[in-house]
1. Out of K147, K160, which single residue is outside any helix (DSSP H, G or I) and among the charged types (D, E, K, R)?
2. Provide a single number: the residues in the stretch 125-174 that are within 20 Å of M187 (Cα to Cα), out of contact with any Lys or Arg (no Cβ under 7 Å at 6 or more places or on another chain) and of a type outside the set (D, E, K, R).
3. Looking only at the stretch 130-139, decide whether some residue is assigned to a helix (DSSP H, G or I), among the aliphatic types (A, V, I, L, M) and without any contact (Cβ under 8 Å) to a residue 12 or more places away in the chain.
4. Which residues, counting only those in the stretch 174-197, are outside any loop (DSSP other than H, G, I, E, B), touching a Leu at 6+ places or on another chain (Cβ under 9 Å) and hydrophobic (A, V, I, L, M, F, W, C)?
5. Is it true that E180 is of a type in the set (D, E) and closer than 21 Å to K49 by Cβ?
6. Among G73, G97, G31, which is at pLDDT 90 or above and part of a loop (DSSP other than H, G, I, E, B)?
7. Looking at (1) in contact with a helix residue (DSSP H, G or I) (Cβ under 9 Å, 6 or more places away or on another chain); (2) modelled with pLDDT of 90 or more; (3) closer than 30 Å to R26 by Cβ, which is the one condition that is false for A179?
8. Out of all the residues in the stretch 100-120, which are surrounded by 10 or more Cβ atoms within 10 Å (Cβ to Cβ) and free of Cβ contacts under 8 Å to residues at least 12 places away in the same chain?
Amino acid sequence: MVIGYWNLFGYCVLVIGNLKSMRIQRLVILGILKEGPKHGYQVKKIIQKEMGIFSEFEMQSIYYPLSKMEEQGLVKKKEIKGENNLNKYTYHITPRGEKEFFELCRQIFLSQRQPFVELDVALYFLPFLDKKKILPLLRLRLWFLEKVKRWLFEKEKEHKDTPKNLTLLLKHHFKLASAEREFLQDMIAAIKNGEIK
């Protein structure tokens, strides 16, 4: 029964995850274009460089979502003559895109969904795992989280002169890593004490 339920749950997580990632993708692109017009390549570079600090958000191709958003009237493409008669395009957010950007932010701020943590999936199956093999993995994860916390702390020091929202993002992730580390310590203790069969 557990496996059947889990298959249905996994399918729902996959579908919701895909819808959520499309929503986030639109929000990110529109937000970057709110700073001003950009080439598709510039949008992708900003996503890789700046969003990577606090998100696993990645894009294989930027031009497909930009094309879809253009069809929906959220962005507008402007052609610019480049060197050697090669045309380049810049993308601008439209008034409709501005409304969509605010709506997507509103939905996220008001969302009552629990954050989904991959660790929870493994935790669900913990009774079926060899505890002697799991303990070293959990200790390794603790070490990794400590490394992440140090990195976030250093990033926060480096970004003292950045906008407050970015330093708050770093603090948010520092607190998340701290909470997960504390949880893992409790889980390791429960396994060692034989509380999890």
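The values are calculated or read from the model by the stated rules, or taken from the named source; none is laboratory data. Computed from a predicted structure; not experimentally measured. No Cβ is skipped: glycine too gets one built from the backbone with ideal geometry, and neighbour counts run over all protein chains shown.
1. Numbers: K147 fails: outside any helix (DSSP H, G or I).
Only one candidate qualifies: K160.
2. 13
3. yes
4. Narrowing the stretch 174-197 to residues outside any loop (DSSP other than H, G, I, E, B): 174-192.
Checking the rest, the ones that are also touching a Leu at 6+ places or on another chain (Cβ under 9 Å) come to 174, 177-178, 180-181, 183-185, 187-188, 191-192.
Of everything in the stretch 174-197, those that are outside any loop (DSSP other than H, G, I, E, B), touching a Leu at 6+ places or on another chain (Cβ under 9 Å) and hydrophobic (A, V, I, L, M, F, W, C) turn out to be F174, A177, F183, L184, M187, I188, I191.
5. Numbers: of a type in the set (D, E): yes; closer than 21 Å to K49 by Cβ: no.
So E180 does not fit the description; no.
6. Details: G97 fails: part of a loop (DSSP other than H, G, I, E, B); G31 fails: part of a loop (DSSP other than H, G, I, E, B).
The unique qualifying residue is G73.
7. (1)
8. Of all residues in the stretch 100-120, those surrounded by 10 or more Cβ atoms within 10 Å (Cβ to Cβ) come to 100-108, 111, 116-117, 119-120.
Across the stretch 100-120, the qualifying residues are F102, E103, R106, S111, D120.
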